[in-house]
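Read the structure below first, then the notes.
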Amino acid sequence: MSWIVLVLSGILEAVWATALGKSEGFTRPAAVATFVTALALSMAGLAYAMRSLPVGTSYAVWVGIGAVLTVTYAMLTGEEAFSVLKVALLVGIVGCVLGLKLLH
């Protein structure tokens, strides 16, 4: 159950990071509300997962999922340039996250 919560928390990390960027310095109420809600839920899930998973592994997986999804979303929406090298590096992060899961 902890791994499922951790993955969902990583997804929410991508949501709050994207919402933070769209908040334009906390001037857009809907983006700020999304940021605060996703941040709170993401942190709560991370804290829950850390009750039974190692801190280092939990944090690395959480950040990895959030980073990959944030960059992927930005590339898909055209907010960030697409490159084959960038995709290859993101695949490397995914591989590292899967490796941490397999080692656990």
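So here's what we get for this one:
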| item | result |
| --- | --- |
| Any hit, region 2-14, residues being without any contact (Cβ under 8 Å) to a residue 24 or more places away in the chain, surrounded by 12 or more Cβ atoms within 10 Å (Cβ to Cβ) and on the phi < 0 side of the Ramachandran plot | no |
| Residues that are of a type in the set (Phe, Trp, Tyr) and either closer than 12 Å to Gly10 by Cβ or at pLDDT below 95 (or both), drawn from region 45-104 | Tyr59, Trp62 |
| Residue in region 45-65 that is nearest to Ser2 (Cα to Cα), counting only those that are among the aliphatic types (A, V, I, L, M) and in contact (Cβ under 8 Å) with a residue 12 or more places away in the chain | Ala49 |
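The values are calculated or read from the model by the stated rules, or taken from the named source; none is laboratory data. Everything quoted here is computed from the prediction, not taken from an experiment. A quick note on method: Cβ atoms are made from the backbone with ideal geometry, for glycine too, and the neighbour counts reach across all protein chains shown.
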